[in-house]
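Structure, as structure tokens:
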Amino acid sequence: MELNNPVITAPWNRRSDFNPRSDMALPKVILEQFLPSFLSPGQFYYYLFDFYHQQIKYIDPSIVNILGLDPESATVDSIKSCIHPEDIDYVAQTEAASLKFMLNQVGKKNLKNYYKTTYCFRFKVVGGNYELFHNESVFLSDEETGRISQVLHIHTNINHLTGVSDYTSSLIALKDTETAWSVSASKESEGSSLDLHFSKREMEIIKLIALGFKSEEIAASLFISLHTVQSHRKNIIRKSGVKTSSELVSLCVKEGLI
């Protein structure tokens, strides 16, 4: 389609030295290489977190230029330590609220459609200043089971656009639908961290519950009896003070246990 608005085309027409002398096609590899930065409104890095092994699977080397962290040794804790102290509770609550919404409202069978949480918070960057970042947490699930296996976190510096966050967050469906929901999470802390003491075995079971495993599957995975799993689950529920598995997962995410 031709551009007929002279206001738009005139500046380019006046600088004919920038225009090509003949038709040309850009190599596909160039577009693929730079496409992420074209779509990003600012400097960014990303990392892939593995739920099952509870560790970072890959981290973009650009993190060293943004947060000053070594990509070879950076951990989730070291990244979290760069978040502004006044925003850390909001980040934890937003991630927990998103996970709870997906488990309770979206349903495990629909998670294969892929979802992402978006919100903003402040990071301490190289140089020591706090600047506003836009976060995208993309939940990646198994196509067959719908269990969330990994999360792709993309952190983009938008401080050149605005340094003020409205502390609103949303959950967006990325595949087969264009649905978006607002996620309710408060910037203010809802209280101090709970004193939760789970055994090593209980933590193993909690992590499997978070992945969507049923009691029978947990028993088979840990090579223990179903009765033992059920006993552990009762103790875990009693210690945490929650009533459902989804509430347990949300609580453990908020408290930084998983």
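The values are calculated or read from the model by the stated rules, or taken from the named source; none is laboratory data. On a predicted model such as this, the values are computed, not experimentally measured, just so you know. Because the Cβ atoms are built from the backbone with ideal geometry, glycine has one as well, and the counts that use them run over all protein chains shown.
Some notes on this structure:
- Helices (runs of 4 or more DSSP H) fully within the stretch 6-109 counting 1 or more residues that are under 14 Å from the mean Cα position of the chain (by Cα) and modelled with pLDDT of 90 or more: 76-80
- In the stretch 79-103, the qualifying residues are those that are among the small types (G, A, S) and surrounded by 15 or more Cβ atoms within 10 Å (Cβ to Cβ), and the one that is nearest to S137 (Cα to Cα) is S98.
- Some residue of the stretch 123-134 being surrounded by 18 or more Cβ atoms within 10 Å (Cβ to Cβ), of a type in the set (S, T, N, Q) and modelled with pLDDT of 75 or more: no
- Of residues in the stretch 146-164 being of a type in the set (S, T, N, Q) and modelled with pLDDT under 85, the one nearest to D60 (Cα to Cα): Q150
- The residues in the stretch 231-245 that are surrounded by 13 or more Cβ atoms within 10 Å (Cβ to Cβ) and either over 14 Å from K214 (Cβ atoms) or not small (G, A, S) (or both) can be counted, and the count is 8.
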